[in-house]
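The values are calculated or read from the model by the stated rules, or taken from the named source; none is laboratory data. Treat the numbers as computed from the prediction; the structure is a model and nothing was measured. No Cβ is skipped: glycine too gets one built from the backbone with ideal geometry, and neighbour counts run over all protein chains shown.
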Amino acid sequence: MSDVVPAAPVVAAARWQVEQVLALAPRPSSLTAAQPLAVPGRWVGAGCNTRAVWGRCTGSSAEPYECVVDHVGVAFRCSCPSRLLPCKHLLALLLLWARGQVAEGEVPSFAAAAVALWAAKQRAAESAAPVLAPASVPVPLPSPVGEAAGQGAAPALPPRDPSAGRDDRVARMAAGLAELDRWLDDRVRTGLADPALARYGTWDDLAARLIDAQVGGLANRVRRLAGVVGAHAEWHQQVLAELGVLHLLATAGRQMGSLPPPLADSVAAAIGWQVRQADVLAGLPHTDHWVVMGRSDVREDRIEVRRIWLRGAVTATWAMVLSFAAYGQSLDTSLVVGTQAHADLFRYPGALGLRVLVGRHHADPAPAAQVTGCTISEACAQIGAAVAAEPWIDRYPVCVAAAPARVKGRWVLTDAVGSLPLVEGATGMGALLACSEGRPVPVTAEWTPRGLVPLTAHLADRAVDLGPTADPSFLAAGG
């Protein structure tokens, strides 16, 4: 049972607009899940008055879910077990009400207690609050506060003006994605031989416009692409492939409402839609003995990014912890390669769900048990499945039992069934050669479109960290 009560008095509100309901969704997939429920046939006893809207949602459960919304003070109650707030049932009920498909009526018994409580809290707040403005001045709706058991903080209330706040951001994002697609059309039409591509300003101007449109994830990809032009003999293929990825994300970003919920969440994250940590921590924890398999530091747009790759000792699933450091700051050093932690992880939404937040630790970190690796063939299957789920990913972890070898002038990791190339200029090659002694050894690596980046050599008595490191002069002392 979820229940959030308002924190301050508000004036009576008129029927909402659909845009206001959509802006309440805690994540894009919530809208996708709510749409099929937003039809009168799925509801029993739906009704509304000047204070609240209520109804019972029928579905796969044995009993209908009882939903009540205070549309004045903006509070919610639903009998479903969802940890998101508002849940898909509450969003569907509000959509029906906003579309004028809920008739006025008397408050039923299942909703009466909640409605009475909300009204009483408002009267008490009104009697205690000083008068700060004439009654004719509209009072904006506040953000709901407080947490129900197991719930994360409630999402901020959307502005009443649908052209402001989150609604305005959605419109800017859509316009930015459309502009990006037009820009891509121009690039394909003029060809990669266009001298404009060699000027950094061509890419930086586009990135700046994408930031203004609040699709910063795509802006970062554009800026990184600027450094590829002319960087090596095969830059044309790399640029063309990345332009295709940008087109894919620009198209998918304008159709998120029609995508399956996990894929819609992945697209939203890729284009730059931020998910609040409170919403992530409100999800179900994934508890395991997490082995710290590898570390990778990369400079991205004047910020050092550290990826820590974890693998469950029991479930064998992967997870990624991100930390960031601008100039003079420090990266997270709490997770040490070669150790394992019995801890709760909370996954960000997405088709792969790799990124996590670390929750409660159930024991102190300890040395990890012996790590085993898969074959090259199995690693290729894992990478292929990940790319099929999220075609725009540029890093994915694997742990292979293989030996480094030199093939046709390039380093590869090889076993009896195949080989995978390493990136040119991979760090830690000398240490990897010394650790392997020419024999297969478990190696954790990041797959990238340009080859594997070796991160860790797992020996019988220790783990050797091979991953690329951040510039120490860029970070704070001791970072």
Residue pairs meeting the criteria (Cβ under 6 Å; at least 6 apart or on separate chains; first among the polar types (S, T, N, Q), in the range 203-229; second outside any helix (DSSP H, G or I)): N220/D301
M293, sole failed condition from (1) modelled with pLDDT under 95; (2) crowded, with 16+ Cβ neighbours inside 10 Å; (3) in contact with a Ser or Thr (Cβ under 8 Å, 6 or more places away or on another chain): (1)
Of all residues making up the range 218-258, the number that are within 27 Å of A34 (Cβ to Cβ) and modelled with pLDDT under 90: 5
Residue ID - farthest from A325 (Cα to Cα), chosen from residues in the range 451-476 that are touching a Ser or Thr at 6+ places or on another chain (Cβ under 8 Å) and assigned to a loop (DSSP other than H, G, I, E, B): L466
A33 vs. criteria at pLDDT 85 or above and either assigned to a helix (DSSP H, G or I) or crowded, with 23+ Cβ neighbours inside 10 Å (or both): no
Hits in the range 248-261 - residues which are crowded, with 16+ Cβ neighbours inside 10 Å and in a helix (DSSP H, G or I): L249, A250, A252, G253, M256, P261
Pair list, Cβ under 8 Å, 6 or more apart: the range 175-191 residue more than 13 Å from A213 (Cα to Cα), other residue among the acidic types (D, E): R187/D194
Boolean, L192 is at pLDDT 90 or above, outside the structural domain of V298 (by TED's automatic domain parsing) and among the hydrophobic types (A, V, I, L, M, F, W, C): no
Any hit, the range 318-341, residues being crowded, with 16+ Cβ neighbours inside 10 Å and polar (S, T, N, Q): yes
Per-region count, the range 43-60, residues modelled with pLDDT under 90 and either within 29 Å of the chain's Cα centre (by Cα) or buried (at least 21 other Cβ atoms within 10 Å of the Cβ) (or both): 2
Test: residue in the range 265-284 that is closer than 15 Å to R395 by Cβ and assigned to a strand (DSSP E or B): no
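I'd like the residue in the range 326-357 that is among the polar types (S, T, N, Q) and under 21 Å from T469 (Cβ atoms) and, out of all such residues, is farthest from the chain's Cα centre (by Cα).
Top of the filtered list is T339.
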Given (1) over 21 Å from the mean Cα position of the chain (by Cα); (2) part of a helix (DSSP H, G or I), index of the condition N220 fails: (1)
Residue check for E104: buried (at least 20 other Cβ atoms within 10 Å of the Cβ), farther than 22 Å from R276 by Cβ and not aliphatic (A, V, I, L, M): no
